[in-house]
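Contents: one structure, followed by commentary.
The values are calculated or read from the model by the stated rules, or taken from the named source; none is laboratory data. Remember, predicted model here, so these are calculated numbers, not experimental data. No Cβ is skipped: glycine too gets one built from the backbone with ideal geometry, and neighbour counts run over all protein chains shown. Side chains included, ligands, DNA and RNA excluded: accessible areas come from the protein's heavy atoms. Shrake-Rupley method; radii C 1.70, N 1.55, O 1.52, S 1.80 Å.
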Amino acid sequence: MMLINQLAHRSGVSTRALRHYDQLGLLSSRRLDNGYRDFADCAVEEVRRIRLLLDIGLGLQAVAQVLPCFTPDGELTACPTARERLRRQISELDGSIAELQRTRGLLAGALDNLIDS
């Protein structure tokens with residue numbers, strides 16, 4: 001048995017975030033008679049997986065799609081869902097990078113054209 005405060009301490013994630021993950025079905029818990037959430041020891045690993053996917057830029061909906069692609073020992077497999085979602089993430093990043101480079105070019109051009117007063 002592990003209460004949410006214990007999971008927060010062991011995983012380094014806030015209780016608020018853990019509640020949110022639980023409400024979205026990303027974490028599995030059961031409710032005790034007093035209403036407290038009870039997490040299995042494997043929840044620490046589940047949180048690690050969620051955070052890994054969030055850290056690479058996936059949104060929570062995409063995280064929910066990719067989580068089943070992990071092996072029991074915590075490795076991300078090349079399942080079609082993971083492969084497609086990660087490719088899409090790279091494509092989105094490439095688009096963002098291109099837009100930032102365009103904006104940077106405009107900004108540098110504006111800076112070059114400043115008139116001294």
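Annotation: per residue accessible area for region 25-117 equals 70 Å², rounded to a whole number [probe 1.4 Å, protein chains only]. Apolar share of the accessible surface for the chain: 53 percent from carbon plus sulfur atoms, 1.4 Å probe. Peptide packing for 14-23, 74-83 was compared via the average number of neighbouring C-beta atoms within 10 Å per residue; ordered from the highest value, the list is 14-23, 74-83. Using a cutoff of 8 angstrom between alpha carbon atoms and counting only pairs six or more residues apart, the relative contact order for the chain works out to 17 percent.
Computed over the chain, the percent of Cα pairs more than 22 Å apart is 50.
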